[in-house]
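Remarks on the structure that follows.
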Amino acid sequence: MSTPRTESHEPERAPDPSVRTGLAAWRALQSHAEAMRPVTLRQLFDADPDRGANLALEVPGLYADFAKNRINGETLDLFFDLAQQCGLRQKIAAMFEGQKINVSEDRAVLHTALRAPREARIMVDGMDVVPEVHRVLEKMASFATDLRNGHWTGHTGQRIRNVVNIGIGGSDLGPRMACQALRAFSDRGLRLEFVSNVDGAEFTEATRGMDPAQTLFIISSKSWHTLETLTNAATARAWILAGFGGDTSAIARHFVAVSTNTGGVTEFGIDPENMFGFWDWVGGRYSIDSAVGLSLMVAIGPENFTEMLGGFHDVDEHFRTAPLERNIPVIMGMISVWYNNFLGAQSQAVLPYSHYLAHFPAYLQQLEMESNGKHVTRSGAQLEHQSGQVIWGAPGTNGQHAFYQLLHQGTKLVPCDFIAVIEPLSELAHQHDLLLANVFAQAEGLAFGRSAAQLREAGSSAGQIPHRVCKGNQPSTTLLLDRLDPRSLGMLIALYEHKVFTEGVIWDVDSFDQWGVELGKLLANTIAGELTADPLPPMDHDSSTAGLIRRYRSGRGRGSIGQVP
Ligand code: F6P
C-alpha cells in the first residue's frame with residue numbers, strides 16, 4: 001500500500017549544495033561498507049587478537065568497549081574524514097559558544113551552559129548566561145533543602161511527604177529516569193511520583209492514598225501550553241482545593257512551577273516567587289539539568305545534584321577537546337551513522353543491565369528520535385539519506401527472556417548498546433556477579449554465535465543443528481561504569497546527548513526543533529471538541545477517522561449520527 005505524494009506535501013526547494021551523499025568520505029564509506037558486509041566479527045578478532053584493548057576508550061569512571069562493532073582501522077579513518085568534511089569540530093565549537101545552531105527556531109543550544117562552572121562566561125545575545133544559571137540553581141537548592149528538612153511545610157504546617165512532578169516529554173522523562181537511576185541516593189522518607197499522561201488513570205493512581213496536606217505538586221512545562229500538563233495541573237489544583245474545602249490560599253504551599261512562561265504560571269495561580277525559570281536555549285529533551293530537574297534535586301539533595309552536573313561537565317569537556325579518534329561520543333555517533341546509513345540497520349537497542357536504569361531507553365527515545373527524526377537538512381532541502389535512529393530496549397536480564405531471541409537468530413541487523421555497572425548498589429551483592437556474567441555473555445554470544453561445527457562437537461542431532469545455529473555478527477558497544485552514582489549518571493546522559501549531536505551534524509539536520517509533534521497537538525485539539533460537542537458539528541476528516549470518532553461517541557452515549565465527511 002502506498003500513498004501518492006501530493007504537491008502540497010512537497011514545497012519547492014532549491015538544490016542543496018552540501019548534499020552529504022556526494023561527499024568524498026560518504027562515497028568512500030559506501031564502498032568500504034560493501035567490502036565490510038561479508039566480514040565477520042570473528043574474522044576481525046582473528047586479524048587483531050588485541051582488538052579488545054585496541055578498540056576500548058576510557059574516561060575516569062567509564063570504560064567504552066567498541067571492539068564488538070563491525071569496524072576496522074579503515075572504517076575509523078573514514079569516520080573521521082566524514083566528520084571533518086561535515087565540519088563536526090566547528091559545529092561543536094559553535095554549540096558551546098552559544099551560536100544560534102537551532103536554525104528553524106533561531107535559537108542557541110546551550111544545555112552545556114547548565115553545567116558550566118560559575119567562573120565560565122557564555123554569551124547569548126550579548127549577555128553572559130552563567131550567573132543566571134547559577135542563580136536558579138541556588139534557588140532550587142534552597143527550596144529543595146527546605147523541603148527535605150521540613151522547613152517548607154504544607155498549608156496546615158504539616159511536613160511534605162509526597163512530591164508529584166506533572167510534566168510530559170522533556171519535562172518528565174529526564175527527572176523520572178534519573179529519580180529511578182539514583183534511588184539509592186534519594187531521601188526514602190519522600191514519595192516521588194510522576195504524572196505525564198492525559199489519561200486520568202495516571203493521576204488517580206499516582207495520588208492514591210496521598211494526603212493533600214502532605215503533598216506538593218511541581219508543575220513542569222517549558223512552554224506552559226502543553227495540553228497534557230495543563231490538564232493534569234488543573235486536576236491537581238482541584239484535588240488540592242477539594243482537600244482544603246476550596247480554600248485557594250492553600251495553593252501557595254502545595255504548588256511550585258518550572259517554566260519559561262511567567263505569565264502562564266501566574267495566570268494558573270502560582271506565585272512567580274515559587275517559579276523556577278529556564279531559558280529558550282534549553283531544549284525540553286536536554287533540560288534535566290535545568291530547573292526541570294527540581295524533583296530530582298528534591299529527591300537526591302543539592303549536593304548530589306551538583307555532583308551530577310560535574311559528571312555532565314566532565315563529558316562536555318571531553319567532547320569539546322578530545323581528538324576525534326579518542327572522543328567517545330563522537331565514536332558512538334559515527335558507529336550509529338555507520339549501521340544506519342551504510343549497513344542498513346533499522347533500529348538500535350539500548351540494554352542497561354541495571355534495574356536502576358530501567359527508564360533509560362525511554363529517555364533516550366525522546367533524546368534521539370525527537371532530535372534526529374527529521375526529513376530535511378538544516379537549510380530545508382529534502383534529505384537524500386536516512387536520518388534518526390529508532391531506539392528501543394529494556395533492562396537486562398529481562399529482555400533476554402523476551403526479545404533477545406530475535407537478536408540471536410532473527411534476520412535483522414540490530415546494533416546494541418550494553419550498559420553495565422561494576423559496583424553493586426543492591427544489598428544483594430552476590431546477585432551482581434550473575435547480572436554481569438549475563439551482560440558479558442550476551443555481547444559475546446551475539447558477536448560470535450555458535451556454529452554448526454561447535455554444535456556437532458557438543459553432540460547436537462543433525463536435525464536440530466540448523467535450528468540451533470546462531471550466526472553471530474550482531475554488533476554491540478559495551479559501556480561499563482565503575483559505579484552508578486550522580487556523577488556517572490551525568491556522564492552517561494551527556495555521552496548520549498553528544499552522540500545525538502554528532503549524528504545530527506553528519507545528517508545535517510536541525511537536532512533541536514520538533515515541528516512534527518505540533519501536527520498531532522493541533523489535530524487532537526480539533527478532535528477533542530468533536531468528541532464532546534452536542535450535536536456533533538460538521539467534521540473535516542477522512543472516513544476512517546470520522547468513523548472512529550462516531551464509534552467513540554456512540555460508545556459514550558453521545559450519539560453516533562454526524563455529518564459524513
Ligand atoms: O513532545 C513535544 C514537546 O514539545 C517536547 O519537546 C517537550 O519536551 C514536551 O513537548 C513538553 O513541553 P513543555 O515542557 O513545554 O510542556
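Things worth noting here:
- Residue in segment 453-464 that is within 26 Å of Pro60 (Cα to Cα) and touching a helix residue (DSSP H, G or I) at 6+ places or on another chain (Cβ under 8 Å) present: no
- The set of residues from segment 261-283 being assigned to a loop (DSSP other than H, G, I, E, B), crowded, with 20+ Cβ neighbours inside 10 Å and of a type outside the set (Phe, Trp, Tyr) comprises Ile270, Val282, Gly283.
- Pairing each residue of segment 86-100 that is free of Cβ contacts under 8 Å to residues at least 12 places away in the same chain with any residue that is surrounded by 15 or more Cβ atoms within 10 Å (Cβ to Cβ), provided the two are 6+ apart or on different chains, yields C-beta distances under 8 Å for Ala94/Ile101; Gln99/Ala108; Lys100/Arg107; Lys100/Ala108.
- Sole exception among (1) part of a helix (DSSP H, G or I); (2) away from the ligand (no atom under 13 Å from the Cβ) for Thr231, by number: (2)
- Count of segment 204-223 residues, restricted to those that are within 16 Å of the ligand (Cβ to nearest atom) and either crowded, with 22+ Cβ neighbours inside 10 Å or at pLDDT 95 or above (or both), is 6.
- If you check Ser511, Ser554 for being touching a Ser or Thr at 6+ places or on another chain (Cβ under 8 Å), in a helix (DSSP H, G or I) and either touching a residue at least 12 places away in the same chain (Cβ under 8 Å) or surrounded by fewer than 21 Cβ atoms within 10 Å (Cβ to Cβ) (or both), only one passes: Ser554.
- Test: Glu325 is farther than 20 Å from Met140 by Cβ, in a helix (DSSP H, G or I) and free of Cβ contacts under 8 Å to residues at least 60 places away in the same chain: no
- Residue in segment 39-50 that is assigned to a loop (DSSP other than H, G, I, E, B), of a type in the set (Ser, Thr, Tyr) and in contact (Cβ under 8 Å) with a residue 24 or more places away in the chain present: yes
- The residues of segment 154-193 that are part of a strand (DSSP E or B), over 17 Å from Phe305 (Cβ atoms), more than 13 Å from the ligand (Cβ to nearest atom) and not charged (D, E, K, R), listed by number, are Asn162, Val164.
- Scanning segment 485-543 for residues that are closer than 26 Å to Leu62 by Cβ and charged (D, E, K, R) yields Asp485, Arg487, Glu497, Lys499, Glu503.
- Positions within segment 284-299 being under 15 Å from the mean Cα position of the chain (by Cα) and in a helix (DSSP H, G or I), in sequence order: Gly284, Arg285, Tyr286, Val292, Gly293
- Which listed residue, of Ile251, Ile240, is away from the ligand (no atom under 16 Å from the Cβ), assigned to a helix (DSSP H, G or I) and in contact with a His (Cβ under 7 Å, 6 or more places away or on another chain): Ile240
- Test: residue in segment 449-471 that is assigned to a loop (DSSP other than H, G, I, E, B) and in contact with a Ser or Thr (Cβ under 8 Å, 6 or more places away or on another chain): yes
- Residues in segment 51-101 that are part of a helix (DSSP H, G or I) and of a type in the set (Phe, Trp, Tyr): Phe79, Phe80, Phe96.
- The single condition among (1) within 25 Å of the chain's Cα centre (by Cα); (2) over 29 Å from Val39 (Cα atoms); (3) assigned to a helix (DSSP H, G or I) that Thr502 does not satisfy is (2).
The values are calculated or read from the model by the stated rules, or taken from the named source; none is laboratory data. Given the structure is predicted, the values throughout are model-derived calculations rather than measurements. Note: ideal-geometry Cβ built from the backbone for every residue, glycine included; neighbour counts use all protein chains shown.
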